[in-house]
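Below: one structure, written as structure tokens.
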Amino acid sequence: MTYIAKPPVRHPALPRNALGLTMRDYEGAMSTLCAGCGHDSITAAIIQAIFELSIPPHMVAKLSGIGCSSKTPTYFLSQAHGFNAVHGRMPPIATGANAARRDVVYLGVSGDGDSLSIGLGHLCHAIRRNVDMLFVIENNGVYGLTKGQFSASADVGTRSKRGEENRQTPIDPVLLALTLGATFVARGFSGDKAQLVPILKAGLRHRGFALVDVVSPCVAFNDHVGSTKSYQFTRQHARPILIADYVPSADEITTAYAAGSVRPVTLHDGSTVRFRKVPESYDPTDRSGVESYLRERASYDEVATGLLYVEEAPEMHEALGTTVTPLAHLPYEQLCPGADALFELQNGFR
Amino acid sequence: MSAEPRDRTNDFAFKIATVNGTGSASANDLVRRAIFRMGIPVSGKNLFPSNIQGLPTWYEIRVNHAGHTARSPEFDLVVAMNAATYARDAAEVRPGGWLLYDSTWPLPKELEREDLHLLGAPFSGLCNANFAGSRERILMKNITYAGALAGLLGMELDIIGELLTEKFARKKALLESNFLALRLGYDHAIEAFDCPLPIRLASLDATADSILIDGNTAAALGCIYAGATVAAWYPITPSTSMLDAFQSFSRRYRGLGDPEGARVAILQAEDELAAIGMVVGAGWMGARSFTATSGPGISLMNEFLGLAYYAEIPAVIFDVQRTGPSTGMPTRTQQGDLLLCAYASHGDTKHILLLPGDPAECFHFAVAAFDLAERFQTPVFVLTDLDVGMNDWVVPRLEWDDAYRPDRGKVLGAEQLDELGRFHRYLDVDGDGIAARTLPGVHPNGAFFTRGSGHNRHGAYTEDGAEYSDVMDRLARKIDGSAASLPVPEIRSVRGATIGIVSVGGCHRAVLEALERLAEEGIRADYLRVRAFPFSPELGAFLQSHERLFVVEQNRDGQLASLISLETGYPRRALEKVGGYGGLPLSAREVVEGVMAALATSSAPAVSQPRRANA
């Protein structure tokens with residue numbers, strides 16, 4: 001059994017958010033992943049991000065595909081509807097759901113097997129449509145649930161637990177998303193929650209498709225010497241160069257950083273993402289500049305982390321021109337043209 | 001047998017052979033529509049290639065005062081406008097029939113046949129002399145043959161003029177060109193030929209309460225009336241025109257393109273896997289959603305269809321069948337997806353199928369499909385085919401009852417969830433196999449995890465065999481129980497019937513006509529048209545009450561017969577399959593010949609003594 005409820009014990013002194021809810025209200029069932037799995041840290045970051053944003057849990061739809069990462073929505077937000085789709089095809093479910101209910105917050109959790117192989121096409125098209133959702137790829141370079149095959153994000157030269165060396169070039173979801181015109185692209189590390197939480201918050205508030213690639217070591221099959229997605233390797237090579245703070249629109253904006261080193265980007269709802277300690281030339285709204293910067297860092301064997309690119313562009317509903325009222329909420333009377341209209345229409349079928 | 005020539009007024013068929021992409025479709029439409037406006041039942045079958053320009057294409061028109069509008073393979077007249085197919089077009093004219101050709105150039109050898117009447121009209125010459133641009137000359141040539149046909153068949157020129165005026169109301173130059181071309185063809189026919197021919201038209205009053213509509217347009221309209229708000233699809237012949245129609249109806253009725261916002265979302269997916277995924281996602285959120293596709297698309301959708309069945313999410317799928325397997329013949333019709341759809345996906349599944357027999361039923365079944373999908377929380381298929389979907393049929397005007405309201409099934413709202421406290425998604429409270437569902441974004445108490453993995457009656461993950469079987473057994477009860485809510489079979493009984501004929505979908509009109517012809521041969525048959533799956537108990541009773549049974553369907557292997565046998569236990573070998581599968585719409589002749597041949601070669605004493613019809 002992998003569905004284990006947590007005891008509903010609440011400490012009276014737990015901090016509460018604007019809705020009066022505690023972090024416990026955002027938790028889910030006990031994780032059944034391996035002890036030390038990076039995915040569990042991401043789950044904790046997700047809980048914290050949604051709690052801090054004070055989103056009512058039942059107004060979130062959490063979706064996933066198939067794989068270890070896709071199991072994790074069970075472990076957060078037990079008061080939110082979840083959808084465990086088929087392998088690789090969560091984006092179409094999210095797209096259709098969003099088409100029907102644009103007022104719900106969509107959070108997709110996927111993995112590198114789910115999104116970069118079997119579901120690569122769907123990911124690309126969700127980006128292309130700019131579906132308003134946060135899409136987290138828990139990236140460990142390996143198929144965990146089927147016990148250790150290389151995934152499409154495995155680096156050239158990385159070794160499997162059995163000692164095989166990967167010779168195929170990896171698909172980097174960050175560069176891919178940039179190329180496809182994604183409007184929000186970030187990379188985090190499951191071992192750096194302090195960096196990840198603001199990224200997730202900004203991603204949830206971004207209007208459009210927010211892709212967050214999180215390097216998340218697999219302790220069972222990809223945490224050994226020779227792996228390029230182990231804790232050790234990632235700690236040595238990850239460079240949190242692009243540190244971003246998420247500032248909700250309700251918060252007073254105070255400048256805590258020296259002028260010249262902060263670059264604020266305002267999101268559609270008035271909230272702000274502030275990039276600090278970025279290289280002076282770094283412009284998170286310059287797509288080709290970001291891409292060359294990332295390629296340059298990669299050539300130094302660095303995995304650049306942080307909120308890398310953000311842009312305001314029409315999301316799916318704006319492109320489709322749908323009503324503000326969610327389609328699923330439209331009364332039938334506004335949908336059916338009625339008997340007279342049918343009669344009139346048929347005069348043209350003669 | 002009498003040799004007396006029958007009156008051919010309002011009872012004939014002709015065929016127009018042209019080149020794809022030359023604009024002949026509008027001329028053919030004009031001719032067919034004019035006949036309809038004269039009050040005469042008419043059908044048009046478009047036999048088109050999988051091509052945009054250059055390959056041969058044919059349009060068959062059948063005129064029948066008695067309303068028999070199934071395809072007729074006997075052509076009294078052929079209009080040969082494509083030199084590449086002269087030989088086969090000339091060969092298709094019945095002996096004593098007529099061949100209308102472009103006589104601008106000397107008579108080609110391929111068209112010479114002594115047993116028919118050759119009618120030469122210089123269509124190209126007339127157009128070259130009267131029109132300047134090369135494109136216009138090509139386009140207007142089509143209208144000149146329409147004009148010649150008007151003269152030859154005794155069509156009312158005023159009616160054609162009225163149709164042209166309606167069509168080109170805002171394009172004066174085009175209207176003038178069309179009128180001129182029409183007149184050129186018409187005048188030539190009147191001068192040069194003995195007009196009208198024995199195959200001729202005479203105004204009737206048989207179409208006043210009817211419309212001409214194709215099944216895809218009717219089904220799209222049904223989706224609008226059902227209140228569908230999300231459509232996701234991937235282009236595939238022959239279903240594409242359904243989404244084209246839905247889009248155009250959405251502009252007209254749903255504010256698509258208006259600044260206030262559209263009350264619909266039409267998503268062109270990256271593939272059919274995504275299309276059905278989007279439909280399922282929207283259904284999960286409580287919107288009425290559908291996709292339209294054809295066989296190859298259904299193949300791709302199988303994975304998600306299993307999820308929708310098992311997780312119990314409403315979805316409506318229109319399968320406009322075409323010739324398979326694989327790419328097959330994409331522009332030819334077939335009924336080859338019956339078994340595929342009935343049990344789509346891996347594991348034990350069974351799906352509700354609605355099987356419309358004409359475009360009017362496409363409209364009504366489309367509406368029913370959404371009600372059934374929501375009531376039974378499951379995918380519902382509407383299976384049509386290229387002939388029903390893309391060809392215009394004469395059907396009674398569509399009626400709508402403004403009292404209709406969607407059946408949303410068992411959906412718990414916020415207040416109910418407040419009272420309920422703990423919600424169990426797959427618990428059969430009412431004993432009808434249908435558990436209540438909740439929609440996301442309504443109430444925290446309604447939250448659960450929708451999953452395709454093993455789950456128990458509470459909606460929780462399980463790997464326990466008994467818990468798993470408990471849910472699967474209920475699903476079987478649910479789907480089997482749906483039979484009582486589905487459209488009942490259409491049954492036509494005659495006294496003294498010796499055989500029973502079972503059929504489905506677009507075969508209907510050919511079978512009705514065949515029943516008359518068989519009766520003329522002294523063979524009386526009862527008829528049952530299956531309109532839905534799981535089958536009605538009436539089907540079993542029909543099978544049991546006939547010694548000799550024929551199943552008329554358009555596929556090689558007798559899929560309907562197999563499905564009937566599987567589900568009723570009736571011996572498969574006792575269900576004799578009749579009907580071709582070569583991609584052309586079914587004709588009554590095929591049915592009559594198939595039944596007669598089987599009766600002649602078999603020892604079963606099922607045929608009564610031949611006697612005159614209507615005895």
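Bear in mind these aren't lab numbers, they're just calculated from the coordinates by the rules spelled out. Every value quoted in this text rests on a predicted model; they were computed, and no experiment measured them. Cβ: placed from backbone, ideal geometry, glycine included. Neighbour counts: every protein chain shown.
Can you list residues from other chains, or at least 5 along the same chain, whose modelled amide H is less than 5 Å from the amide H of A:N140?
Amide H to amide H, under 5 Å and 5 or more residues apart or across chains, A:N140 pairs with A:D112, A:S216.
May I have the count of lysine pairs in chain A with C-alpha atoms under 13 Å apart, counting pairs 8 or more residues apart or located on different chains? Walk me through the numbers before you get to the answer.
Working: A:K62/A:K71; A:K147/A:K161; A:K161/A:K229; A:K193/A:K201.
Close lysine pairs found across chain A: 4.
What share of Cα pairs, in percent, lie more than 16 angstrom apart in region A:120-165?
Percent of Cα pairs beyond 16 Å in region A:120-165: 51.
I'd like to know which of B:T333, B:T57, B:A519 lies farthest towards the positive end of the charge dipole of chain B, counting +1 on Cβ of Lys and Arg and -1 on Cβ of Asp and Glu.
Projecting each Cα onto the dipole axis, the largest value belongs to B:T57.
When a footprinting reagent is the concern and you count Cβ atoms within 10 Å, what order do B:V63, B:V19 take, fewest first?
Ascending number of Cβ neighbours within 10 Å: B:V19, B:V63.
Just need log10 I(q)/I(0) for region B:1-83 at q = 0.16, 0.19, 0.21 Å⁻¹, Debye formula, equal scatterers on the alpha-carbon atoms, no solvent, rounded to two decimals.
-0.63, -0.83, -0.96
Tell me which trypsin sites (Lys or Arg not before Pro) from region A:128-233 have a DSSP coil assignment and no more than 12 other beta carbons within 10 Å of their own.
Those that pass, being in a loop and sparsely packed, are A:K147, A:R162, A:R167.
Just name one of B:F363, B:A588, B:G306: the one whose Cα is farthest towards the positive end of the charge dipole of chain B (beta-carbon charges, Lys/Arg +1, Asp/Glu -1).
The residue sitting farthest along the positive end of the dipole is B:A588.
Arrange the following residues from fewest to most other Cβ atoms within 10 Å of their Cβ: B:M301, B:M596.
In order of increasing Cβ crowding within 10 Å: B:M596, B:M301.
Starting from the Cα gyration tensor of chain A, take the square roots of the eigenvalues, sort them a ≥ b ≥ c, and report rounded, prolate or oblate (rounded when a/c is under 1.5, otherwise prolate if a/b is larger than b/c, else oblate). Write down the numbers at each step before the final one.
Values: a/c = 1.43, a/b = 1.38, b/c = 1.03.
In terms of gyration-tensor shape, rounded.
Give me the three principal axis extents of region A:58-116 from the C-alpha atoms, as integers in angstrom, largest value leading.
The Cα atoms of region A:58-116 stretch 30, 23, 13 Å along the principal axes, largest first.
What nm value, rounded to one decimal, do you get for the distance between B:E490 and B:R6 when each label is placed 7 Å out toward the C-beta?
2.1
Over all directions, what mean area does the Cα convex hull of region B:81-236 project, stated in square nanometres?
It is 13.6 nm².
Taking a ≥ b ≥ c as the square roots of the eigenvalues of the Cα gyration tensor of region B:436-490, is the shape rounded (a/c under 1.5), prolate (a/b larger than b/c) or oblate?
Working: a/c = 3.56, a/b = 1.41, b/c = 2.52.
Judged from the Cα gyration tensor, region B:436-490 comes out oblate (a/c at least 1.5, b/c at or above a/b).
Mean projection of the alpha-carbon convex hull of region B:1-156 over all orientations, in nm²?
10.0
Over all distinct Cα pairs, what is the inverse of the mean 1/r for region A:163-220, reported as the Kirkwood hydrodynamic radius in Å?
Here the Kirkwood hydrodynamic radius works out to 13.0 Å.
Would you kindly calculate the translational diffusion coefficient of chain B, applying Stokes-Einstein with the Kirkwood radius from alpha carbon pairs, for 37 °C and a viscosity of 0.692 mPa s, and quote it in µm² s⁻¹ without decimals?
Details: Rh = 26.3 Å.
Taking Rh from Cα pairs, D becomes 125 µm²/s.
Would you order B:T498, A:T325, B:T384 from fewest to most other beta-carbon atoms within 10 Å of each residue's own beta-carbon? Don't skip to the end; give the middle numbers.
Numbers: B:T498 19, A:T325 14, B:T384 36.
By the 10 Å Cβ count, ascending: A:T325, B:T498, B:T384.
Give the long-range amide H neighbours of B:I211: residues separated by 5 or more places, or on another chain, with amide H under 5 Å away, using H modelled in the peptide plane at 1.01 Å from N.
B:V395, B:R397
Looking at the square roots a ≥ b ≥ c of the eigenvalues of the Cα gyration tensor of region B:498-537, which shape do they give, rounded for a/c under 1.5, prolate if a/b is larger than b/c, or oblate?
Since a/c reaches 1.5 but b/c is at least a/b, the shape of region B:498-537 is classed as oblate.
Got the relative contact order for chain B handy, in percent, Cα pairs under 8 Å and 6 or more residues apart?
12
How much net charge surrounds B:A282 when only other residues with a Cβ under 9 Å from its Cβ are counted (Lys, Arg +1; Asp, Glu -1)? Mind dumping the intermediate values first?
On the way: positive: A:R101, B:R288; negative: none.
Cβ neighbours under 9 Å give a net charge of +2.
Which value in nm describes the separation of the simple spin-label points at B:E538 and B:Y570, placed 7 Å from the Cα toward the beta carbon?
1.4
Once fully extended, how much extra length lies between B:A202 and B:E516, figured as 0.36 nm per residue of separation less the alpha-carbon to alpha-carbon distance?
Full extension of this stretch gives 110.7 nm more.
Before rounding to the nearest 500, sum -39500 (n - 2.57) across all DSSP H runs of length at least 4 in chain A and divide by the residue total; then give [θ] at 222 nm in deg cm²/dmol.
-7500 deg cm²/dmol
Please check which bits of region B:10-49 a label hung off B:A173 would reach, taking the label as a point 7 Å along Cα-to-C-beta and the cut-off as backbone N under 19 Å.
Under 19 Å, as judged by backbone N against the label point of B:A173, lie B:23 of region B:10-49.
Taking the Cα atoms of the protein assembly as shown alone, what are Rg (to one decimal) and Dmax (as a whole number) in Å?
32.6, 107
Just to be sure I follow the rule: in chain B, considering lysines 8 or more places apart or on different chains, how many pairs have Cα atoms under 30 Å apart?
Step by step, the pairs that qualify in chain B add up to 19.
For chain B, give the magnitude of the charge dipole about the Cα centre (Cβ charges: +1 Lys/Arg, -1 Asp/Glu; no others), in debye to the nearest 20. Let's see the in-between values first.
Details: 58 positive and 74 negative charges, 103 e Å.
Charge dipole, chain B, about its Cα centre: 500 debye, nearest 20.
About the Cα centre of chain A, how large is the charge dipole given +1 on each Lys and Arg Cβ and -1 on each Asp and Glu Cβ? Please answer in debye to the nearest 20.
Details: 32 positive and 34 negative charges, 173 e Å.
For this selection, approximately 840 debye.
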